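Novice: Sending over a structure as structure tokens; questions will come in a sec.
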Amino acid sequence: MIKSIWRNWTGRSRGHDAAFLSLDLLASSASPRDSLEIRLNWLIDLVQWIRRPGAQPETQNESPIQFQTGRLRRFLDVLDKNPEWKMNVAKTLRSIIFETNALDLFSETGLPRRFGLFNELAERLASRFLPARPNSAELGVLFDRLFPHRNDAAWIDKLDEASLQRFQALLQFEVSPEEHDWNALASDLEDAIIHLTAQLRVAGCSSAIRLRVKHRRIQELPFFKLSTAVQAVLLARTQGDEANLTPELNHLRSLIESCYRAEEEVLSHLEDNGVSMDVVYQLAYIKAALQRLEALLELAFKPDLSLERVGTFVSMLVRENQARLSVRDLMHQNFRLMTRTIVERNAKTGEHYIARDAKEYWEMVRHAGGGGALMSVTTWFKPLIASVHLAALWGGVAASLNYVLGFLAIQLCGFTLATKQPATTAPALAAHMRRVRDPEAVTALVDEVVFLIRSQFAAILGNITFIVPTVLILHLLVLFVTGSPILSVEKAHYTIHSLSILGPSVFFAGLTGILLWASSLIGAWADNWFAWHRLGDALASHRQLLRIWGPTRTARFAHFLQHHIAGFGSNISLGLMLGLLPVLAKFAGLPLDVRHVTLSSGSTAAAVATLGPGVMLSAPFWLAVVGILSIGFINLTVSFALAMWVAMRGRGIEPDERRTILQALWLRLRQQPLTFVFPTGSTPAVVPPPIQPEPSL
């Protein structure tokens, strides 16, 4: 009910009354003497009648998309049998073309607006709720009302040459002397070319673009030269100078190619030096405007252009206009480059967390062991903070600081925390998803997956193997100094029961996996922000720092921040989320908590130390052990899956390519299952080529 009302309100209902008007009524009701709004509504009704899907194919082999072609032919057949109706329809169509303006249709419709992402987002949201402007003389506004459906572009594209020629003949049917200048589309087309080149000149010569193109003055930029080249082409055609028209057109096309190269150069600069959403949006406009300019030049300067090609241009306008009206398409277009840049930056970090041979495998275990040992201190501080009985908010802040300090200590010591790896190693894996249709490339990719999963197992093994004995040693030390264990008896029983596989730990582990993935995005964003603002160079040349520390220490400090900023962003954000989420959820009345495999293992070891070895013979203990194994699996799986999904979307991996990868993985798992856990020597260590950022989307 609500959906039907919404479709009727927006004009997108397939059951609109106009679609069921009789053909005779539509053909006979056209009148060039009506007001412009009435004539426009008649044209909208006619297009809705042509668009309407049919109940049966006209022929046995006819596809549903061709119903519209058949209806257009029937409409033209009815007009041929009724010359008076045909005259009124032809005059009505010519009057609409004469009284409307196509400048915005040619040069604006379907293109990204140049006033920025968030203003464009507001415009698109408003267009979904506000009714269309009445009595508008802009064909661009009429376009929204004529073709509101996504599949309109498909049936327009399928219109055949013969049907289009008959429609063209209808437009030229018995043109009276006072209608000799009815077709203003040609002049609007020229104006659109001039307008579009002027907009490209402004956008391409802006500081956001100009400063990212090497060794170019404004007058040397191809964007600056476009307007002059277009004026030369139009002047040659106006004067009938065929000898100069072709060279001028070739020069204009070479300038357009230079504009494409400049756009790619700016794109490469962003990938190397950080991304700005405003600049990305401006680049999207430039690329789309260049493509539209090429299409307009083809329409204007190719006399033998077929009507099917004109229909293709109209279908392109419909398709791009629908994309411009779509909020989802806007977000997809503008965040794709940002996503891929995050992938590139996380990938470079993730390469360090993949062990490809036995030596690197045991090195990973050693580094993870250091991380587990440091986490034992964080485990000890957790009950200590709880024993202070702070207010809920301040207790959450204290818990967050405990996590943050522990994670930062692991980072600065060069150790590893297992659950933080997947969010960076997944983009590193996706960075090698090139040529996945090549069997050799798929084999190399499967090797990378094996190395990655094996590295995760090594990291978990190191974390748990070292945190358990370290917590026990710390328990004995605290018991010797204070006479009290790390955990009280009540807290120890609660800890074991809270980690049971029969409880909500599995759900909480999935939530923690989401937080792990989100922290990796925050770290990549911090790295991008640091690079975009060139803070490394700014700090290295900071006058006050140079006076205090001298050039050597200042440069060392700038390099240190540049190397660690991504880790600082991810570790600090993860610590804050782990500590504050349970508190904020409690304020909101939501029973949410977090479960981290390393911290859960340390807490279980502390509980066993308090309750004694006998608890290891009880059922709750083994349910907790199974729960911890499940927590580790879910932590890794959720964070890895989300990171891989974002990475593959950023790199444009197609669904059939994903299926090829999964099939190859399943085959390797059946043939060599142990290679996913230990370096058995069955799988050769293939070192992938270095990651190179791609030049364009």
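Novice: Specify whether the C-alpha gyration tensor of the stretch 348-674 places it in the rounded, prolate or oblate class, a ≥ b ≥ c being the square roots of the eigenvalues: rounded for a/c under 1.5, otherwise prolate if a/b is larger than b/c and oblate if not.
Specialist: Oblate, since a/c reaches 1.5 and b/c is not below a/b.
Novice: Could you order peptides 534-546, 562-574 by the average number of other Cβ atoms within 10 Å of their residues, highest first?
Specialist: 562-574, 534-546
Novice: For the stretch 196-263 and the stretch 655-674, what is the centre-to-centre distance using only Cα atoms, to the nearest Å?
Specialist: Answer, in whole Å: 50.
Novice: Hey, another quick one. Considering only the other residues whose Cβ falls under 14 Å of the Cβ of residue 674, what net charge follows from Lys and Arg at +1 and Asp and Glu at -1?
Specialist: +3
Novice: Quick check: the distance between the Cα centres of the stretch 368-415 and the stretch 540-563, to the nearest angstrom?
Specialist: Rounded to whole Å, the Cα centres lie 30 Å apart.
Novice: In addition: Which of 495, 246, 482, 637 has the fewest other C-beta atoms within 10 Å, and how do the rest follow up to the most?
Specialist: Details: 495 22, 246 12, 482 9, 637 15.
Fewest-to-most Cβ neighbours within 10 Å comes out as 482, 246, 637, 495.
Novice: Once the convex hull of the alpha carbons of the stretch 427-567 is built, what does its volume come to per residue, in cubic angstrom?
Specialist: 226 Å³
Novice: Structure shown: which of 225/287; 81/158; 214/287 lie over 22 Å apart, alpha-carbon to alpha-carbon?
Specialist: Those over the limit are 81/158.
Novice: Okay, next question. Multiplying the sequence separation of residue 24 and residue 251 by 0.36 nm and subtracting their Cα-Cα distance, what value in nm do you get?
Specialist: 76.5 nm
Novice: Provide the net charge surrounding residue 47, with neighbours chosen by a C-beta distance below 11 Å and charges set as Lys +1, Arg +1, Asp -1, Glu -1. Before the final figure, lay out each step's value.
Specialist: Working: positive: 51, 52, 71, 145; negative: 45, 152.
Overall, the nearby charge balance is +2.
Novice: Counting other Cβ atoms within 10 Å of each Cβ, which GluC sites (Glu not before Pro) in the stretch 153-237 have at most 12 and sit in a DSSP loop?
Specialist: Listed in order of number, the matching sites are 174.
Novice: Tell me, what is the FRET efficiency for residue 187 and residue 654 to the nearest 0.05, using R0 = 56 angstrom and their Cβ-Cβ distance as r?
Specialist: 0.80
Just so you know, all these numbers are worked out from the coordinates, no wet-lab data involved. The model shown is predicted, which means the values in this text are computed figures rather than measured ones. Reconstructed Cβ throughout: ideal geometry from the backbone, glycine too, with neighbour counts over all protein chains shown.
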